[in-house]
Amino acid sequence: QLSQRIAVMLSTAVSSLSLNAPVVRPAVSNARMAAITPGDVGTTKPLGVYDPLGLMTRMPDKYRRWQEMEIKHGRIAMAAVTHVLVTANFKWDGYCSYLSFPPLKFEDIPAGTLGSWAALPQAGWAQIVAIVAILDNSLFAQDPNLEPGDVVGDRIPWVRYDDPEVKFFKLNAER
């Protein structure tokens, strides 16, 4: 039984090696793309612009939206990790909710993602989602004239890198 399985696996492996199909290379190009060009943030040597499905040239508006969403989801993930680290080591005094029965204190909410998700009342989650949606569509709305992820422009004095080489390095290292 075992020797038959081994024989089948070996014959399959040998027969797959004899296939003489053409090699398909990924679409790596040095040509100018609509949404990103070689040397931009996110392009790495020696790969350059890697777009095997041609999304940048066929749908540049959607590609920009996907860039914006990638940055936004990364920021939400960083906030979630900060939540886990902070709640494991620090609890506020007082009540989180007077409306639940019995009233819920901050110290009663367990640390961690799933524990805090289950312990917080639905009205609390509705408030969190509402405030994030309001901020996302007002104060932190993406301006199409700014780079993807630059949601505040000059309204809030974030750290800006004037030197293009330092900015390129920082953004590629943190992407």
* Asked: List the chymotrypsin sites (Phe, Trp or Tyr not before Pro) in the range 122-165 that DSSP assigns to loop (not H, G, I, E or B) and whose Cβ has at most 14 other Cβ atoms within 10 Å. Which are they?
  -> Trp158, Tyr161
* To do: Just grab the label-to-label distance for Phe90 and Glu107, each label 7 Å out from Cα along the Cβ direction, in nm (one decimal).
  => 1.8
* Asked: With each label point set 7 Å from Cα along the Cα-Cβ vector, what nm distance links Met69 and Phe140?
  -> 1.7
* Structure fact -> Those trypsin sites (Lys or Arg not before Pro) from the range 54-108 that are DSSP loop and have at most 15 other Cβ neighbours within 10 Å turn out to be Lys91
* To do: Would you mind checking which residues have amide H under 5 Å from Lys105's amide H? H placed 1.01 Å from N; only 5 or more apart, or other chain.
  => Cys96
* **Using alpha carbons only: equivalent-ellipsoid semi-axes of the range 64-175, gyration tensor based, whole Å** => 34, 17, 12
* Structure fact -> With label points set 7 Å from each Cα along the Cα-to-Cβ direction at Ala133 and Asn172, the distance between them in nm comes to 4.0
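Computed from the coordinates by the stated procedures, all read-outs in this text should not be read as laboratory data. Given the structure is predicted, the values throughout are model-derived calculations rather than measurements. Because the Cβ atoms are built from the backbone with ideal geometry, glycine has one as well, and the counts that use them run over all protein chains shown.
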